[in-house]
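In what follows, a single structure is set out as structure tokens and then discussed.
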Amino acid sequence: MDWNKIHVDFKLNGVSIGEDTISEVAYSFIKEGENFEKEIGDFLQCWIDNNETIEVKTSGSTGIPKTIVLKKEHMVNSALATGDYFNLKPKDTAFMCMSASYIAGKMMLVRAMVLGLAITIVAPSSNPLENVTKQFDFCAMVPLQLQNSINKLHTLKKVIIGGAPMSASLKEKVQGIKTEVFETYGMTETITHIALKKINNNSKKTFSILPGIKITKDNRDCLVIDAPKITNTTIFTNDIVEIISETEFNWLGRIDNVINSGGVKLHPEQIETKLSTIVKSRFFVAGVPDETLGQKLILIVETSDNVSNLLSKIKNSGLFGVYEIPKEIHAISKFEYTKSDKVQRSKTLEMLKK
């Protein structure tokens, strides 16, 4: 496949870019641009070189960050699948507000080059739509960016959300908004999403997989992905799922996050969904060693405020089973985060010991 092939309708910040000019644009970004533009320039240069593969960093939110190698052919296939799913056409507009250091940002650029989109790039921030006045057809965000963009969301027709699960309160905020909001399931190894779930306006409660992908479960009840167009190997995930059909599944949580408290298996992600209707700051739950229970459930909240009254609110809500109520609540003024704004749970927990 010719990696120098750029769609004739591809535009970057309003400027048409072809096969004869993309190298020059990449060089100018690297030489004269801001840090986020240098990252874009670096990626564009890697994209048009003669190598069939490209190195991509994982975020490190569930383990040690690592570098993996992806085929450019597979990245093109992923872009085409997304274009088909969302009916993206040449000259449609895209808005890029994520770092090109990671797969989500890289794939926004690949989609634009492959599908012929007119893409506008801005510096990654927690409030990316703050100064936006025109409307865009397509965008990708993390939940925090969506949270801070609710009042400007009308500037986007479709937005995909990834990087972390969306809270119940955030999902509630986008109900009734005309913008179509999709939660994604995927990872760096699957070149962003392999499944999507529309979460507003009479939407389904299950993830629907993209065409050409087969899903099964292993003996741990974890999702197994076969996607020959985007990866050469079968991917065994650590995500516990309920398979509804050949094309649909429910995500229950990560097996490496499961807490065994007194013989009862607790899924933090499900408990956090309930807690998000009560706790307004960023938070997470975890299991810590306990002599009686083996592990006990605790809640960690990102706040400098007193949290002494929070436990009674949780108990009185009627939302939680007896084992789902935290045994302890801790306040930390600032969590540990990855560069892509994902909470590093293990590092944040270490702060409790200091």
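The values are calculated or read from the model by the stated rules, or taken from the named source; none is laboratory data. Keep in mind the model is a prediction, meaning the values are calculated, not measured. Using ideal geometry, Cβ is built from the backbone for each residue, glycine included, and neighbour counts are taken over all protein chains shown.
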Residue tally, condition in contact (Cβ under 8 Å) with a residue 40 or more places away in the chain and surrounded by 16 or more Cβ atoms within 10 Å (Cβ to Cβ), over the stretch 324-347: 10
Being more than 17 Å from A100 (Cα to Cα), assigned by TED's automatic domain parsing to the domain that holds F95 and of a type outside the set (A, V, I, L, M) narrows it down to one of E55, E19, E39, so name that one. E19
Hey, could you check the stretch 20-56 for residues that are in contact with a strand residue (DSSP E or B) (Cβ under 8 Å, 6 or more places away or on another chain) and charged (D, E, K, R) and say which is farthest from K339 (Cα to Cα)? E52
Checking the conditions here, which among K57, K89, K106 is farther than 18 Å from K158 by Cβ and at pLDDT 95 or above? K106
Qualifying positions in the stretch 183-202 - surrounded by fewer than 19 Cβ atoms within 10 Å (Cβ to Cβ) and among the basic types (K, R): K198
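Per-residue answers, yes or no, for (1) more than 27 Å from the chain's Cα centre (by Cα); (2) farther than 18 Å from T120 by Cα; (3) crowded, with 19+ Cβ neighbours inside 10 Å:
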{"residue": "D9", "(1), (2), (3)": "yes, no, no"}
{"residue": "N13", "(1), (2), (3)": "no, no, no"}
{"residue": "S16", "(1), (2), (3)": "yes, no, no"}
{"residue": "D20", "(1), (2), (3)": "yes, yes, no"}
{"residue": "F29", "(1), (2), (3)": "no, no, yes"}
{"residue": "E34", "(1), (2), (3)": "no, no, no"}
{"residue": "G41", "(1), (2), (3)": "no, no, yes"}
{"residue": "T53", "(1), (2), (3)": "no, yes, no"}
Would you call S312 outside any loop (DSSP other than H, G, I, E, B) and free of Cβ contacts under 8 Å to residues at least 60 places away in the same chain? yes
Q135 is checked against (1) under 28 Å from H267 (Cα atoms); (2) in contact (Cβ under 8 Å) with a residue 40 or more places away in the chain and fails just one. What number does that condition carry? (1)
Set I225, I194, I271, I300: member being of a type in the set (V, I, T) and more than 29 Å from N148 (Cα to Cα): I225
Somewhere in the stretch 130-143, is a residue at pLDDT below 95, under 23 Å from A227 (Cβ atoms) and in a strand (DSSP E or B)? no
Check on L223, surrounded by 15 or more Cβ atoms within 10 Å (Cβ to Cβ) and within 23 Å of Y323 (Cα to Cα): no
